[in-house]
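This report concerns only the one structure given below.
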Amino acid sequence: KKAQIGVTGLAVMGANLARNLARHGYTVALHNRSVEKTDALLEAHGSEGEFIRTETLQELVDSLESPRRILIMVKAGAPVDAVIDQLAPLLDKDDIIIDGGNSHFPDTIRREHDLSQMGLHFVGIGVSGGEEGALNGPSIMPGGSEKSYESLGPLLEDIAAKAPDGKPCCAWISTDGAGHFVKMVHNGIEYADMQVIGEAYDLLRSVAGIEPADQAEIFKKWNTTELNSYLIEITSEVLSQVDAKTGKPLIDVIVDEAGQKGTGRWTVQAALDLGSPVTGIAESVFARALSSSNPAARQQAQKELPAGVLESSQLAEEEEFIEDVRKALFASKLVSYAQGLDQLVAAGKEYGWELKLDEIAGLWRAGCIIRAELLGEIMDAYQGDTQPVNMLLAPGFKKLMEDLLPSWRRVIVKATEMGIPVPVFASSLSYYDGLRRDRLPAALIQGQRDFFGAHTYARVDSEGMWHTEWSGNRLEIDAASSHT
Ligand code: NDP
């Protein structure tokens, strides 16, 4: 009997996806560079379904039905190219190579281009949900050719998480690197989601003096509101954990330096290239950097930099303050999602991807780290023929903002008075205010640009581009005519 799919790279993610496929009744051929991992998997879980053990890539290829589907789950970067280089010569036209790792989307675009020249399909899929998701149902974001999805889609949809309405959290995103791009932005949003929760925690603790154990209860309660999400749920778990060694809250013995593996940074780099203002994600990446990049500076600044805190305005009742923080968190979260979706729209234009935001929000509803009730509402906001030009302008969210704004502003004022950093709360509000502002100081910047670099400006009252002769008589000239 031939296998329907092969998996090469059997570390945590590959092994769990292989088991997930086998549990769904597929015959899965297994391969790993070092055969020990293959044998360990078979030993521990071989009874969960039909597996075919292979030792070489040639054996893997020979064990598969045609057209072949081979899922690569090796370390992202050069190893993926190394495996493709060994695999491609062994394959036939129309076979499908799938890369389910966290590859950077420009690599996926390049690989898809090269392999399509050889008549092979290359599908970069974003997989979110970590180890647990891979085994029990991840959120899957496949790119590559639409044709390859005909063959691959049914398998992927079978093993994907299911949203509350029963729909699989997997849908063809668009061509070449689109799947990995969407996964990357998912991770960027995840950074922002985590940071706004962190800012809320810091405010509850530093302003209202609420200890972690009590905060765990607050987050549990918040999880029954529109904030309902996986990240809020695990926040409550982390905050309630007591350190066995010291008896202190665990969070107090964890060094406050946050690491990162790079997908947040990629999201911001891509956004800079696209000119897409993902300020919430960028501030989240930089907040992690501030926490960890220069411990000596943090240590010295703690002792030496003046705080200059202001006479603090009267603190509202604790209950009121908690509710204010909850609303500020939610408002900032909405902005981060709006910004992330905006980046997807910009990327779609740049790379020629037809991205359906309702579908993308839909497949983030379960299986992945940012899964949340909110995503169902975002999905609804983008259904129908007229798409909001910005998520915040969808009718439901506009109305919501009206309710959240006073709390959001109050919380940021409080944090500012007391010298508590709230980079994403504050920058998200600036973005929001920037968006709705009638006149931005951008006019002044354009004036300065015209002054030092003759970069010209548009006028509010006439067509064309204009230039003031700053170093001469300061008369305004039609920029077009100045070049003739
Ligand atoms: P790792 O990223 O740790 O990669 C280990 C696997 O890669 C092993 O099977 C190893 O083989 C293989 N490998 C490394 N170099 C080569 C090479 N040159 N040629 C052949 N095989 C090679 O495994 P993970 O399971 O953690 O992750 C797999 C992918 O999934 C990564 O891209 C990761 O970013 C992504 N991912 C991971 C998540 C997670 O929670 N861990 C979540 C979502 C995505 P050997 O055993 O022989 O050393």
q = 0.09 Å⁻¹: log10 I(q)/I(0) that the Debye formula gives for the chain, counting C-alpha atoms only
-0.72
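Could you compute the FRET efficiency for E36 and H113, with r as their C-beta to C-beta distance and R0 at 22 Å, rounded to 0.05?
0.05
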Expressed as a whole-number percentage, the relative contact order of segment 80-237 with C-alpha contacts under 8 angstrom and at least six residues apart is 18
Extension gain L405-L290, at 0.36 nm per residue separation less the Cα-Cα distance, in nm?
38.6 nm
Computed log₁₀ I(q)/I(0) - Debye formula, equal Cα scatterers, no solvent, segment 391-482, q 0.12, 0.19 Å⁻¹
-0.63, -0.88
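Give me the percent relative contact order of segment 146-295, please, defined on Cα pairs under 8 angstrom at least 6 residues apart.
Working: 128 pairs, mean separation 31.7, N = 150.
Relative contact order comes out at 21 percent.
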If each of S206 and E350 carries a label point 7 Å out from its Cα toward its Cβ, how far apart are those two points in nm?
3.3
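Using 0.36 nm per residue of separation minus the Cα-Cα distance, give me the extension gain between W466 and S430 in nm, one decimal.
Working: separation 36, 0.36 × 36 = 12.96 nm, distance 2.98 nm.
The W466-S430 span can extend by a further 10.0 nm.
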Using a 1.4 Å probe, what is the accessible area per residue for the chain, in Å²?
48
Longest principal axis of the chain (C-alpha) makes with the long axis of helix 318-351 (C-alpha) an angle, in degrees to the nearest 10, of 60
Calculate the dipole size of the chain relative to its Cα centre from +1 charges on Lys and Arg beta carbons and -1 charges on Asp and Glu beta carbons; express the result in debye to the nearest 20.
400
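Tell me, which longest segment in the chain has none of the GluC sites (Glu not before Pro) that fall in DSSP loops with at most 14 further Cβ atoms within 10 Å? Could you put the intermediate results ahead of the total?
On the way: sites that count: E55, E65, E257, E311, E317, E354, E463, E469.
Formally, the longest exposed-site-free interval is 66-256.
Of K167/K220; K162/K356; K303/K414; K75/K220; K333/K398; K2/K75, which sit over 25 Å apart, Cα to Cα?
Numbers: K167/K220 27 Å; K162/K356 19 Å; K303/K414 23 Å; K75/K220 36 Å; K333/K398 14 Å; K2/K75 27 Å.
Violating the 25 Å limit, Cα to Cα: K167/K220; K75/K220; K2/K75.
What's the local net charge at N102, with K and R +1, D and E -1, over the other residues with C-beta under 12 Å away? Show your work: numbers first, answer last.
Numbers: positive: K75, K183, K261; negative: D99, D107.
Once positives and negatives cancel, what remains is +1.
Set the Förster distance to 25 Å, then compute FRET efficiency between D85 and E132 from the Cβ-Cβ distance, nearest 0.05. Intermediate results must be reported in sequence, preceding the final value.
Numbers: r = 32 Å, r/R0 = 1.28.
According to the calculation, E is roughly 0.20.
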Need one number: % antiparallel among DSSP beta bridges in the chain, to the nearest 5.
40
Cβ-defined net charge surrounding E146, 12 Å radius [Lys, Arg +1; Asp, Glu -1]
-2
With DSSP loop assignment and no more than 13 other C-beta atoms within 10 Å, the trypsin sites (Lys or Arg not before Pro) in segment 421-484 are R437, R439, R459, R474
Here FRET efficiency (C-beta to C-beta, T246 to E50, R₀ 41 Å, nearest 0.05) is 0.25
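For segment 119-160, what % of the accessible area comes from carbon and sulfur atoms, probe 1.4 Å? Mind showing how you got there, number by number?
Numbers: 570 of 1230 Å².
About 46 percent, which is the carbon plus sulfur part of the accessible surface.
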SASA check, H121, accessible area w/ 1.4 Å probe, all protein chains in place, rounded to nearest 10 Å², comes out at 40
When the chain is fully extended, how far beyond the present Cα-Cα distance does A443 get from S313, taking 0.36 nm per residue of separation?
43.3 nm
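Counting pairs of alpha carbon atoms under 8 Å apart in space and at least six apart in sequence, what relative contact order in percent does the chain give?
12
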One-quarter of the Cα convex hull surface for segment 151-238, in nm²?
7.3
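Residues with beta-carbon under 15 Å from that of A346, excluding A346: net charge, scoring Lys, Arg +1 and Asp, Glu -1? Could you put the intermediate results ahead of the total?
Values: positive: K349; negative: D273, D342, E350, E354.
Residues near A346 contribute -3 overall.
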With a cap of 10 neighbouring Cβ atoms within 10 Å, and only residues DSSP puts in a loop, list the chymotrypsin sites (Phe, Trp or Tyr not before Pro) found in segment 159-225.
none
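The values are calculated or read from the model by the stated rules, or taken from the named source; none is laboratory data. Owing to the predicted nature of the structure, the values given are computational and were not obtained by experimental measurement. Heads up, the Cβs are rebuilt from the backbone with ideal geometry, glycines too, and the neighbour counts pull from every protein chain shown. Surface accessibility is based on the protein's heavy atoms, side chains included, excluding ligands, DNA and RNA. Shrake-Rupley method; radii C 1.70, N 1.55, O 1.52, S 1.80 Å.
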